[in-house]
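Please read the structure below before turning to the comments.
The values are calculated or read from the model by the stated rules, or taken from the named source; none is laboratory data. Everything quoted here is computed from the prediction, not taken from an experiment. Here the Cβ is made from the backbone with ideal geometry for all residues, glycine too, and neighbour counts use every protein chain on show. Note: areas computed on protein heavy atoms with side chains; ligands, DNA, RNA excluded. Shrake-Rupley method; radii C 1.70, N 1.55, O 1.52, S 1.80 Å.
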Amino acid sequence: TLAQVAAIGFRDIELPQLYGLSPATVRKAADAAGLKLSSIHLAAMPGMGGTNALSMLSPMQRIVDDIGALGITSAVMPIAPFPAPPVPRAGESFQAAIGRLFTEAGADHWKRTADILNEKASALAPHGIAVGYHNHNMEFAPTGNTTGWDILVARTDPALVKFEIDTGWVATAGMDPAAF
C-alpha cells in the first residue's frame, strides 16, 4: 500500500494507525517506498485500532519509543474520546448517535478533551513530538452558548496543541470551509 501511495506522488504521509504492525515494520515499508512518515493518529481511547494499538492513553515511554522508531514528529488525536459507546436508537444512524452522545455530554466533556491534549502535548514536547487535534462535525454543534470547537481552541495551549482542519467535516457541519 505504501508503495502505491508513493507511486501516485505522495512523499510525506500521516498514518491513521499501525494496523497491528510493529513500528519497525511500518518504518521499513515506508523507507522502501521512499515515504516520510511525519504524523500519526493516536486515538484518545485505548482499543481503537486493536487491543494493543498505540493511543494517547498508552504509556508515555511507549508513545515516545514507537513514534521515534517511525521517525514521526506529530501525534494527532483523530476524534475526541466518546462519552459512552455509541448505540443508535431506533431509526438513528451511527453518526447521529455519536453526535447525540457528544451533545448530551456537554461542555465538560470538551474541557476534559482539551485537558488531555494539553497534558499529552506537554509531556511529548521535550521529545520533539508535537500534538494536534483532527476535527469532525460534532465539534461545531451547540453546547450551551458555545461549541466543542470553541472550548477546545480556548482551553488548549496554542504553543503546544495544533489543529488539523478537516474541511469536509467543516462543510458537513454546515459551515463554509474557505471562510472557516
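So the values come out like this:
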| item | result |
| --- | --- |
| Residues that are open to solvent by 60 Å² or more (accessible area, probe 1.4 Å) and not small (Gly, Ala, Ser), drawn from region 122-156 | PRO126, HIS127, PRO142, ASN145, ASP150, VAL153, ARG155 |
| Check on ILE63, open to solvent by less than 70 Å² (accessible area, probe 1.4 Å), in contact (Cβ under 8 Å) with a residue 24 or more places away in the chain and touching an Asp or Glu at 6+ places or on another chain (Cβ under 8 Å) | no |
| Region 11-26, residues that are touching a residue at least 24 places away in the same chain (Cβ under 8 Å), in contact with a helix residue (DSSP H, G or I) (Cβ under 9 Å, 6 or more places away or on another chain) and open to solvent by 80 Å² or more (accessible area, probe 1.4 Å) | TYR19 |
| Among (1) more than 21 Å from GLU14 (Cα to Cα); (2) touching a residue at least 24 places away in the same chain (Cβ under 8 Å), the one test that VAL161 misses | (1) |
| Per-region count, region 104-140, residues β-branched (Val, Ile, Thr) and either assigned to a strand (DSSP E or B) or modelled with pLDDT under 95 (or both) | 1 |
| Segments classed as helices (runs of 4 or more DSSP H), wholly inside region 1-83, with at least 2 members that are closer than 13 Å to LYS120 by Cβ | 60-70 |
| Among (1) closer than 30 Å to ALA97 by Cα; (2) at pLDDT 90 or above - the single one PRO59 does not satisfy | (1) |
| Residue pairs meeting the criteria (Cβ under 9 Å; at least 6 apart or on separate chains; first within 15 Å of ALA141 (Cβ to Cβ) and free of Cβ contacts under 8 Å to residues at least 60 places away in the same chain, in region 85-102; second part of a loop (DSSP other than H, G, I, E, B) and among the aromatic types (Phe, Trp, Tyr)) | ILE98/PHE82; LEU101/PHE82; PHE102/PHE82 |
| Total residues in region 141-158, condition of a type in the set (S, T, N, Q), without any contact (Cβ under 8 Å) to a residue 40 or more places away in the chain and assigned to a loop (DSSP other than H, G, I, E, B) | 1 |
